[in-house]
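Quick note: the coordinates plus some simple rules give every number you see, no bench work behind them. Keep in mind the model is a prediction, meaning the values are calculated, not measured. Note: ideal-geometry Cβ built from the backbone for every residue, glycine included; neighbour counts use all protein chains shown.
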């Protein structure tokens with residue numbers, strides 16, 4: 001009889017947001033007239049901008065003409081997008097990243113999960129707690145022993161910033177601005193992690209999906225702002241939350257040429273080449289039409305439009321943060337991030353608070369327990385709904401006699 005990867009048996013029966021969807025569906029079935037406001041999943045609500053739509057239409061027209069039709073594209077991405085990324089996201093900020101170090105994909109979630117394909121099964125892997133569940137689940141699928149997964153507690157007492165591991169770890173996941181807590185790392189804090197990785201020959205997997213939401217100075221938008229990071233870090237970026245591409249699907253991952261490791265026989269290996277080999281084997285590339293759409297956000301008009309989208313959602317974040325503060329609740333995030341992390345006001349059971357908020361206010365959020373043990377007692381709200389729905393949700397909460 002064939003065998004299966006029994007690591008999958010170590011996972012929770014369903015993914016966090018699948019559980020939430022099921023709960024909301026059950027509530028809707030019994031309360032069909034309820035006006036539910038969703039501030040749970042980090043999905044956007046505003047349409048694609050005019051520059052992006054124009055680029056999509058033009059690319060579609062090209063696909064209808066024999067001379068400009070395109071089939072399979074380069075797995076790493078078309079040069080026009082790779083060059084635009086290198087120039088606008090890195091070189092414009094004094095960071096030397098070349099197009100050959102950039103890999104376009106169909107979403108940061110995919111790359112964050114797939115990166116384990118090029119990593120050994122015996123690594124000790126450190127992740128923050130609370131944490132984006134994909135980091136944990138994909139490693140549980142891959143590691144030889146679940147004890148190799150090291151949790152780094154992030155609590156209100158340490159401002160939800162992890163301490164350096166007390167034991168040597170091989171791989172470290174960092175996400176800043178953070179999902180779910182909305183907190184950030186200053187440059188000196190991130191430098192401590194880069195220094196640790198260089199000293200211990202560790203790899204940092206840096207998720208910068210929310211860098212566009214940073215408003216304060218001295219908060220790095222890229223880990224490569226830190227000296228030496230290109231020798232120890234891979235960075236993930238996404239167009240989902242800044243350009244509204246959650247339904248379009250486009251992202252990129254940076255694997256610097258300077259990032260190297262020695263194999264068991266002592267041969268030096270570039271991770272850039274391993275990731276290229278993985279992608280060219282298992283991935284046929286992001287659609288040409290989608291890559292033209294991504295290129296459009298780097299035009300002068302596109303940049304203004306994307307800034308407008310980010311500002312729109314950050315206004316919602318401000319609305320949520322101010323309302324919850326007025327309510328007297330303890331709140332984190334929402335300043336450099338579209339996520340607001342709050343202490344459950346009447347219980348340490350975040351799923352109980354989820355049910356109460358849904359039942360009594362008809363508002364959907366995300367229970368902190370779903371992000372890890374240290375998330376218990378906390379709750380995440382997102383800024384990705386409309387202004388109108390966000391204000392209405394806060395009015396309901398302000399009027400709520402929580403009991």
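The mean sequence distance of close C-alpha pairs (under 8 Å, at least 6 residues apart), as a share of the length of the stretch 50-298, puts its relative contact order at 26 percent. Working value for the stretch 1-108: equivalent-ellipsoid semi-axes of 38, 25, 19 Å, each the square root of 5 times a Cα gyration tensor eigenvalue, largest first.
Please tell me the relative contact order of the stretch 214-343 in percent, rounded to the nearest whole number, where contacts are Cα pairs under 8 Å and at least six residues apart.
Values: 130 pairs, mean separation 23.5, N = 130.
Result for the stretch 214-343 is 18 percent.
For the stretch 50-298, the share of DSSP beta bridges that are antiparallel, to the nearest 5, is 40%. Within the listed set 278, 70, 249, the residue fluctuating most in the Gaussian network model of the chain (springs between alpha-carbon atoms under 10 angstrom) is 70.
Using alpha carbons only, the radius of gyration of the chain set against its Kirkwood radius gives Rg/Rh = 0.97.
The rule of thumb for compact globular proteins, 2.2 N^0.38 Å, goes into the C-alpha radius of gyration of the stretch 205-246 1.24 times. Summed over qualifying helices (DSSP H, 4 residues or more, each -39500 (n - 2.57)) and divided by its residue number, the chain shows a 222 nm mean residue ellipticity of -11000 deg cm²/dmol. Between residue 163 and residue 100, residue separation times 0.36 nm minus the direct Cα-Cα distance comes to 19.3 nm.
If R0 is 41 Å, the Cβ-Cβ spacing of residue 264 and residue 187 corresponds to a FRET efficiency of close to 0.70.
Using a Gaussian network model of the chain in which every pair of alpha carbons under 10 angstrom is joined by a spring, one finds that among 379, 103, 90 the greatest mean-square fluctuation is at 90. Normalising the average separation of contacting C-alpha pairs (under 8 angstrom, six or more residues apart) by the number of residues puts the relative contact order of the stretch 123-250 at 21 percent. Distance from the alpha carbon centroid of the stretch 148-167 to that of the stretch 213-280 works out to 22 angstrom. Taking only the alpha carbons of the stretch 97-230, we obtain Rg and Dmax values of 14.4, 42 Å in that order.
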